[in-house]
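A.B. asks: Here it is, the structure, as structure tokens.
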Amino acid sequence: MSYIVAIDGPAGSGKGTITKLVAKDLNLVSIDTGMLYRCHALAVIKNNIDINNEEEVEKILDKVNINLINKNNKQIVFLNEEDVTNQIRTPEVNTIVSKTSAIIGVRNRITELERKIGYDWLKEGKNIIMEGRDITTVVFPDAKVKIYLDATPIERAKRRCKQNKRNGINQSFEEVLQSIMERDKNDMNKEVGALKKAPDAVYVDSSKCSVNKVKNKIINIIKEKTKENKNENHKKNIKSNS
Ligand code: DC
């Protein structure tokens with residue numbers, strides 16, 4: 001039976017990197033749900049919608065089509081027919097996405113889309129790994145494997161600074177730390193879909209671990225949890241055959 005791995009965690013915790021690496025090693029379909037919220041924010045910008053007009057910000061989802069596909073282990077997001085995979089990473093999108101993604105009507109619709117994407121892959125017999133902020137708590141609370149990936153704000157700010165340097169972005173450590181703490185506050189205090197650890201999610205702290213170590217830790221958790229399930233199914237089969 002196909003299974004779902006759900007991963008949540010704050011900005012800079014390494015979810016994106018780790019999810020892709022784990023997906024590659026275990027042959028899972030990787031789904032980055034932040035891309036869907038970013039694509040919606042891009043639609044708001046392209047249609048000149050005032051972000052304070054929540055009704056219009058939500059209603060744009062009736063007029064556009066958002067689609068996330070996996071091709072050769074790469075995720076591509078389409079806004080109608082246009083590949084907007086690069087456009088969703090601009091500073092303009094970064095500026096508005098935490099606000100547009102906090103609107104309840106938007107969250108409900110994107111949650112539906114996330115479930116549809118997930119179930120479509122499961123129907124094809126694939127196992128999936130989906131990452132975001134509310135996957136373990138709202139989107140797939142019954143996922144077989146649930147992980148909360150965390151790191152201290154200082155560690156996450158250090159990582160973001162290194163990333164910025166590689167991308168030619170000049171921002172002081174204090175500015176980066178401030179923006180990380182601001183995003184945490186927004187993400188954790190949303191009315192719906194707030195970032196929090198599900199009681200039954202496994203907590204993984206990546207602060208003092210290399211990428212490889214965190215990847216292996218998560219692979220072991222997945223193997224352990226899916227083995228437990230296989231054993232349970234095996235026991236059920238023995239019971240029903242006796
Ligand atoms: O992971 P990211 O930075 O690409 O996410 C972009 C925005 O979308 C971020 O502000 C948090 C929001 N988001 C969310 O509210 N729920 C999710 N499941 C995924 C992302």
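The values are calculated or read from the model by the stated rules, or taken from the named source; none is laboratory data. Note that the structure is predicted; figures quoted are calculated from it, not measured. We place every Cβ from the backbone using ideal geometry, glycine too, and count neighbours over all the protein chains shown. SASA here: full protein model, heavy atoms, side chains in, ligands and nucleic acids out. Shrake-Rupley method; radii C 1.70, N 1.55, O 1.52, S 1.80 Å.
A.B. asks: Which members of the range 126-136 meet the condition of being in contact with a helix residue (DSSP H, G or I) (Cβ under 8 Å, 6 or more places away or on another chain) and either surrounded by fewer than 20 Cβ atoms within 10 Å (Cβ to Cβ) or assigned to a helix (DSSP H, G or I) (or both)?
C.D. replies: Within the range 126-136, ILE135 is the sole residue that qualifies.
A.B. asks: Restricting attention to the range 36-70, which residues are touching a strand residue (DSSP E or B) at 6+ places or on another chain (Cβ under 8 Å) and surrounded by 20 or more Cβ atoms within 10 Å (Cβ to Cβ)?
C.D. replies: LEU36, ARG38, CYS39, HIS40, LEU42, ALA43, ILE66
A.B. asks: Right, here's the next one. Residues that are among the hydroxyl-bearing types (Ser, Thr, Tyr): list the helices (runs of 4 or more DSSP H) wholly contained in the range 1-95 that include at least 1 such residues.
C.D. replies: 15-26, 34-46
A.B. asks: Another question about this same structure. Looking at the range 94-112 only, could you name the residues that are open to solvent by less than 50 Å² (accessible area, probe 1.4 Å) and within 13 Å of the ligand (Cβ to nearest atom)?
C.D. replies: ILE96, VAL97, SER98, THR100, SER101, ALA102, ILE103, VAL106, ARG107, ILE110, THR111
A.B. asks: Among the candidates LYS190, LYS158, LYS123, LYS185, single out the residue that is within 13 Å of the ligand (Cβ to nearest atom), open to solvent by 90 Å² or more (accessible area, probe 1.4 Å), of a type outside the set (Phe, Trp, Tyr) and at negative phi.
C.D. replies: Just one listed residue meets the conditions, LYS185.
A.B. asks: Looking at this structure, is ILE76 among the β-branched types (Val, Ile, Thr), modelled with pLDDT of 95 or more and in contact with a His (Cβ under 9 Å, 6 or more places away or on another chain)?
C.D. replies: no
A.B. asks: Separate question: Tell me which of these ASN86 doesn't satisfy, since it passes every other one: (1) at pLDDT 95 or above; (2) within 30 Å of GLU56 (Cβ to Cβ).
C.D. replies: (1)
A.B. asks: OK, next. ILE117 passes all but one of (1) within 13 Å of the ligand (Cβ to nearest atom); (2) of a type outside the set (D, E, K, R); (3) more than 20 Å from ILE69 (Cα to Cα); (4) assigned to a helix (DSSP H, G or I); which number fails?
C.D. replies: (3)
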